[in-house]
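Asks: Dropping a structure here in structure tokens format, bear with me for questions.
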Amino acid sequence: LHAPEFVIKPRSHTVWEKENVKLHCSVSGWPEPRVTWYKNQVPINVHANPGKYIIESRYGMHTLEINACDFEDTAQYRASAMNVKGELSAYASVVVKRYKGEFDETLAVTPYGYASKFEIHFDDKFDVSFGREGETMSLGCRVVITPEIKHFQPEIQWYRNGAPVSPSKWVQTLWSGDRATLTFSHLNKEDEGLYTIRVRMGEYYEQYSAYVFVRDADAEIEGAPASPLDVVCLDANKDYIIISWKQPAVDGGSPILGYFIDKLVGTDSWSQCNDTPVKFARFPVTGLIEGRSYIFRVRAVNKNGIGLPSRVSEPVAALDPAEKARLKSRPSAPWTGQIIVTEEEPTEGIVPGPPTDLSVTEATRSYVVLSWKPPGQRGHEGILYFVEKCDAGTENWQRVNTELPVKSPRFALFDLAEGKSYRFRVRCSNSAGVGEPSEATEVTVVGDKLDIPKPPGKIIPSRNTDTSVIVSWEESKDAKELVGYYIEASVVGSGKWEPCNNNPVKGPRFTCHGLATGQSYIFRVRAVNAAGLSEYSQDSEAIEVKAAIAAPSPPCDITCLESFRDSMVLGWKQPDKTGGAEITGYYVNYREVIDGVPGRWREANIKAVSDEAYKISNLKENMVYQFQVAAMNIAGLGEPSAVSQCFKCEEWTIAVPGPPHNVKYSEVRKTSLVLQWKPPIHSGRTPVTGYFVDLKEANAKDDQWRGLNKANTLHVYSCFFQVQGLKEGVSYVLRVRAVNQAGVGKPSDLAGPVVAETRPGTKEVVVNVDDDGVISLNFECDQMAPNSQFNWSKDYVSTEDSPRLEPASSSPTPPACVPSLAGCLYLCYVLTASGLCKKQAVPIKSELAVEILEKGQVRFWMQAEKLSGNTKVSYIFNDKEIFEGPKYKMHIDRNTGIIEMFMEKLQDEDEGTYTFQLQDGKATGHSTLVLIGDGKKSCPHFAEYLSWEVTGECNVLLKCKVANIKKETHIVWYKDEREISVDEKHDFKDGICTLLITEFSKKDAGIYEVILKDDRGKDKSRLKLVDEAFKELMTEVCKTIALSATDLKIQSTAEGIRLYSSVTYYLDDLKVNCGTPVKYTDRVKSGVTGEQIWLQINEPTPNDKGKYVMELFDGKTGHRKTVDLSGQEMPMLADRARVVGGLPDVVTIQEGKALNLTCIVWGDPTPEVSWLKNEKPLVPDDHCSVKFEAGKTAYFTVSGVSTADSGKYGLVVKNKYGSEISDFTISVFIPEEEARKATEQAQKDVSPLHPPAKSQGWNNRLL
């Protein structure tokens, strides 16, 4: 054991803004130290700011990468290494510099002095966008800059994936003075990426980013692959051009067989360059005409046909690079008017020398590319080249291009035999003859030199927003010329995969957008390079799409609201981003500033404060302080705010009030908005008597503030103001000033800028008044969340306790009814429970009753408190409306509120439920009565008794229908005479009462009882769920569970193969059998994990192939699920990782000797190899080393074995199709110890009790 020690310490860096920087360190120690990175003594959390920091530890090298550095990254960074023996730290500094560019600082001067800072805001911003190939799309946002300086326009620059976007025939940019737009005239997959708009004003800039996704266009041939992308001309010469491209993410459902390359010369038709498809994503096009311009495109082909072509390449000319450079160059000196002629020795007639530096620059199974340099001796005339080849091991040279000499120092050879070895050489020729050949190349084997990358590993999804998920993975190991990664997503259980990106992304992380909220998805990733696409990674774990909760952003605009001799009151604005959860409190830090030098930070409060204001006590009089504020939610504490300006702690003696605080705007419309604030903490010498509200355009000068009111028009308690007369589309800022008898106080912090506009989908409160003066306020919301509720307020004060206001929720429109009101402002906020369940009702004085009159006549009657002239009554019998006629007579007395119905005679068919429904304006009411038998039942009772049903989610629902209830009626549930606690309050909607029992099982058997009761009486209903009744219910539950089972799926595990099906939930009563008897052993097992029913086959063999059937028996019928393990369904049998041979069972070795073991490993993909000692991971060192070479051979070496090396060892091989462990034992002996033991044994053998036996001595000699 030894303490950590830094072998390599991190080095300080100075970088430009937007560059990346990496800090490296290497640490030794045992046990292996754990390294933690700090920024200014605060641990770095990579999850708090995704994509900003990347921390890696590989092979003892620890790395901190900071992406897109900005000023905030200028700090001291510390690497702390810790183990059980101690802790050691190493420090490095990072300084971030900013480009000043070509701007002249003198421009940033206003008529009133130097503009110390520009504020840049983005409004109406573009969001994550989705388009399709061939469509048009525009990205744009409004830019608001304060202060505005005439003749000084901002610099607008667009970026895609960090690279500047230049205007072209595909994309155009526009700046209209206040709005920046980027327009795609014809979308292509090359346009997919992260788009950033950066607005620079002098030395200040702001930027905003969002992702653009481009989906494939619809295929002209069903099942054909998508179009390739990024067609680029890599190398152009006189008669030779190399074309490269990227493979598409979508293959149309069958593997891509290859690609066709087309060329276009001038305006003629397209011509195909290759007769057979090429699989490699690079291809040399030969036979070009010198000086002509060409355009290329690529098409993919599979068994279903040829897909759509890619976007065309940029035009490229078939010219010698030197000639092209000469044409682009300009004269280096002006024309002097002289022509100087010199004589040179004639060089015509010289045979050119041999080319130099001949090499094979690229070799695939389809072609080989040669490259060389022209000879130094060649004369003034042009030269041609002849390429020769010969089989390896021979000198039989053959000329390849006999008919068409080559003009360029590049050549592609086709029609070579795959797997065969060749050598090549080149000769030059001119009019004087053919020169000597160049030196031959090394032996080249025809075949792909670039391997297809291995699949990525460890796919980990994490929540981001309610429509996106962040997917991270381990990058492909040993991948060469990696282009990027494609990510695919699938809704769990659908079996359908959709691409998340159509342009390969680099790096181990990507945000998948456009997902359905609440759905569960799985993801997979594959890598791509020029050789092709890798196998898919293993599927990720399923994740439900919903917004992640993060810590809030920093608060802003810290200001001093009041100051005393030893305390100060601070105010601030809440964070712009709450992190998806409610802010639960704030923490304040402060520090002293002496002669401009700040001290250390101290905590001002131990317990979080809930308001955006806090009084800090125990300060020093006349001391200068700075402050920071950090917000907190359930996800944790956010980053602290920027350091405030300096405030002096002194007694305020000013007579006027302090500034109002917490100023915010809401209800923004095209001509109005509402401004709210909180009163100032410091009221001055006299109380605050009113407020001034000021407004100006965001880019206007400070002398253009204008008041919107007189102070006496705003009551001191009315901390809101409705701003009218705004101009649509104009950006404004606002402020508030408090007034008392001494005068007007300091203005508040600014609210805004805010653009006056009515957003699409904006709803308003609608007011209706009935004949009785009852006012109904209605607000409709079409974006209700599952936990949303409506919250009414009057003059921005909640109306929950108002006796005159009765809110009601009838989703999505909640009305609020008020008997009368005047001069009040009512609002409805949609917050996060689905509204209140009270409804505005006609007041009932007496419920519906019945009485028997003389001669058997029956009278039904009820009384309301008051009825208007527009009151309408509907008479309902057994859910059907009845009308006045020979049998029924109706009468309404609106003065007394009595409603009557007469029936001549009561008969058997008149048994049932009677209801009087009232509607008076916007108010409604009803009263119900049930007649049973010869009498009446006026108390609450059951119209239908308790029964059960099984829901589609395999839950049991107990339900009953009730009648003659009122709002005071209570319902109580019992099981086995014990009351059941019910979370939800019954609303008796449609007269149905329910009790939901989730995951019903044997423990839920019993006698259920429900009781209805109020002041009129009670009724009860019982349901026995025991014995046969319980069995019947369980059979139905098991049947529903069996029907919910998914099809059998095949999953490869580390041990072998798992067949599984998922159900809503599992019950022991659900019998699971195999259609064909399966013999269960230690290798073949079955079981249930959660909601998954599985059959595990460890170490699968070819004998395990066949058809497997799972039968779910619900007690009456069986439900079968089948899967076929044969043919292509079991590639893992041949490709799973295993140890072929080479390791012994036991190794006996003498102490001090060296041990070397070698074994052969098999598996596709190549297995991961690890070693065990005594069933614990073996850590290699200088004494014990392990190697794994060529993906096949594993080596185990121990130098100078000792008795400590004795034990049980194991070799673990693992790939995605399974794993295997090969065990062996090492026994180390000491010769002297063995001799001593032999002597002791011999002495025991010759003792009197044990005379020696000849046979035994003979056997010892044999041994």
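The values are calculated or read from the model by the stated rules, or taken from the named source; none is laboratory data. Since the structure is predicted, the reported quantities are computational estimates derived from the model, not experimental observations. Note that we place each Cβ from the backbone using ideal geometry, even for glycine, and neighbour counts take in every protein chain shown. Surface areas here come from the heavy atoms of the whole protein model, side chains and all, with no ligands, DNA or RNA. Shrake-Rupley method; radii C 1.70, N 1.55, O 1.52, S 1.80 Å.
Asks: Would you pick out the residues in the range 569-600 that are open to solvent by 50 Å² or more (accessible area, probe 1.4 Å), closer than 30 Å to A635 by Cβ and modelled with pLDDT of 85 or more?
Replies: T584, Y587, P598, R600
Asks: Would the range 446-458 turn up any residue that is open to solvent by less than 20 Å² (accessible area, probe 1.4 Å) and outside any loop (DSSP other than H, G, I, E, B)?
Replies: Within the range 446-458, none of the residues are open to solvent by less than 20 Å² (accessible area, probe 1.4 Å) and outside any loop (DSSP other than H, G, I, E, B).
This table checks each residue for (1) hydroxyl-bearing (S, T, Y); (2) in a strand (DSSP E or B); (3) over 30 Å from R1022 (Cβ atoms).
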| residue | (1), (2), (3) |
| --- | --- |
| Y875 | yes, yes, yes |
| H891 | no, yes, yes |
| T913 | yes, yes, no |
| S927 | yes, yes, no |
| E949 | no, yes, no |
| G952 | no, no, no |
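Asks: For a quick check of your reading of the model, give me the residue pairs whose first member lies in the range 1005-1020 and is at pLDDT 80 or above and hydroxyl-bearing (S, T, Y), whose second is surrounded by fewer than 16 Cβ atoms within 10 Å (Cβ to Cβ) and not in a strand (DSSP E or B), with beta-carbon atoms closer than 9 Å and at least 6 apart or on different chains.
Replies: Correct list of pairs: Y1008/D976; Y1008/I980.
Asks: When you scan the range 500-568 for strands (runs of 3 or more DSSP E) that lie fully inside it, which ones turn up with 1 or more residues that are polar (S, T, N, Q) and modelled with pLDDT under 90?
Replies: Hits in the range 500-568: 520-529, 556-563.
Here is a yes/no grid of residues against (1) closer than 15 Å to V744 by Cα; (2) surrounded by fewer than 18 Cβ atoms within 10 Å (Cβ to Cβ):
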residue	(1), (2)
R669	no, yes
L675	no, no
I681	yes, no
G684	yes, no
F692	yes, no
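Asks: Mind listing whichever residues of the range 856-890 are open to solvent by 60 Å² or more (accessible area, probe 1.4 Å) and more than 60 Å from the chain's Cα centre (by Cα)?
Replies: Matches in the range 856-890: W861, G869, F883, E884, P886, K887, K889.
Asks: If the Cβ limit is 6 Å and pairs must be 6+ apart or interchain, which residue in the range 1190-1208 that is closer than 29 Å to A1137 by Cα pairs with which residue that is charged (D, E, K, R)?
Replies: If the second residue must be charged (D, E, K, R), the pairs left are Y1195/K1187; V1198/D1205; G1207/K1173.
Asks: Now a separate question. Might you check whether a residue that is in a strand (DSSP E or B) and either over 42 Å from the mean Cα position of the chain (by Cα) or basic (K, R) (or both) occurs anywhere in the range 668-677?
Replies: So far as the range 668-677 goes, no, none of its residues is in a strand (DSSP E or B) and either over 42 Å from the mean Cα position of the chain (by Cα) or basic (K, R) (or both).
Asks: May I pose another question? Regarding the range 1121-1136, can at least one residue be identified that is small (G, A, S), open to solvent by less than 70 Å² (accessible area, probe 1.4 Å), farther than 24 Å from R1083 by Cα and at pLDDT below 80?
Replies: Within the range 1121-1136 (the criterion being small (G, A, S), open to solvent by less than 70 Å² (accessible area, probe 1.4 Å), farther than 24 Å from R1083 by Cα and at pLDDT below 80), the answer is no, since none of the residues qualifies.
Asks: For the range 459-496, give me the residue count where each residue is outside any strand (DSSP E or B), aliphatic (A, V, I, L, M) and within 21 Å of the chain's Cα centre (by Cα).
Replies: So the count comes out to 1.
Asks: From the list A417, A440, which one is aliphatic (A, V, I, L, M), open to solvent by less than 60 Å² (accessible area, probe 1.4 Å) and at pLDDT 85 or above?
Replies: A440
Asks: Being at pLDDT 80 or above, aliphatic (A, V, I, L, M) and not in a strand (DSSP E or B) is the filter here, so list the residues in the range 957-1004 that pass it.
Replies: If the condition is that a residue be at pLDDT 80 or above, aliphatic (A, V, I, L, M) and not in a strand (DSSP E or B), then I980 is the only one that fits.
Asks: If you take the residues in the range 609-640 that are modelled with pLDDT of 90 or more and either surrounded by 20 or more Cβ atoms within 10 Å (Cβ to Cβ) or touching a helix residue (DSSP H, G or I) at 6+ places or on another chain (Cβ under 8 Å) (or both), which one is farthest from Y590 (Cα to Cα)?
Replies: In this case the residue turns out to be A631.
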